[in-house]
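The values are calculated or read from the model by the stated rules, or taken from the named source; none is laboratory data. Please read these numbers as outputs of a predicted model, since none were measured by experiment. Positions of Cβ are backbone-derived with ideal geometry, glycine not excepted, and every protein chain shown enters the neighbour counts.
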Amino acid sequence: MQTADDLNTLFAAIGNSLSRDVDVTDEQYLELLERKRIKTPNSMFLSSTTPQEIIQIVSMMKTKESQNIYSWNVQLLKRAIEYLAEPLSRLVNSCIECGYFPEELKVAKVLPLYKKDNQNICGNYRLISILPVISKIFYS
């Protein structure tokens, strides 16, 4: 079996490998962005949330036991949501008001997941990212 270092080396190189295969100049990229840009007269507006909405969002999450980097999972959040809904609502509203998303909620736990064939070959794995459970509330 190859080591974690081998998996890390493989997956860390994917971005550079893919970028070498794409032949796009800065001008082509800017033209593509301009063509794909959606022209709207209004900017995006986010409305504030309530503890009840937080409870509803959490109750609709799939109950999973996989833990994020902070050792939290959806199952734990669901058990504690009646105590956490109010402070989470205030946190979300403060972030919306300030236009800030905490760096701590952007950090994912990245794990290799076996796909098929020989388990001793790094290329037979794909990466999955487990985001902090709290950040999923923001995305909803």
Open item on the list: Name the single residue that is farthest from MET61 (Cα to Cα) among those in the stretch 109-140 being at pLDDT 85 or above and small (Gly, Ala, Ser).
Closed with: SER129
Open item on the list: Let me confirm something: among GLU86, GLU65, GLU53, which residue is assigned to a helix (DSSP H, G or I), exposed (fewer than 15 other Cβ atoms within 10 Å of the Cβ) and among the acidic types (Asp, Glu)?
Closed with: GLU86
Task: Residue among ASP21, ASP6 that alone is more than 28 Å from ILE137 (Cα to Cα), exposed (fewer than 10 other Cβ atoms within 10 Å of the Cβ) and not hydrophobic (A, V, I, L, M, F, W, C) - done: ASP21
TODO: Kindly establish whether PRO87 is under 30 Å from PHE45 (Cα atoms) and over 18 Å from the mean Cα position of the chain (by Cα).
DONE: yes
TODO: Scan the stretch 112-140 for residues that are closer than 11 Å to ASN68 by Cβ and either surrounded by fewer than 13 Cβ atoms within 10 Å (Cβ to Cβ) or without any contact (Cβ under 8 Å) to a residue 60 or more places away in the chain (or both) and jot them down.
DONE: SER129, SER135
Task: Condition check for PHE45: in a loop (DSSP other than H, G, I, E, B) and either at pLDDT below 85 or among the hydroxyl-bearing types (Ser, Thr, Tyr) (or both) - done: yes
Task: Selection status of TYR70, modelled with pLDDT of 90 or more and of a type in the set (Phe, Trp, Tyr) - done: no
- [ ] Scan SER94, SER48 and give me the residue that is in contact with a helix residue (DSSP H, G or I) (Cβ under 6 Å, 6 or more places away or on another chain), surrounded by 10 or more Cβ atoms within 10 Å (Cβ to Cβ) and hydroxyl-bearing (Ser, Thr, Tyr).
- [x] SER48
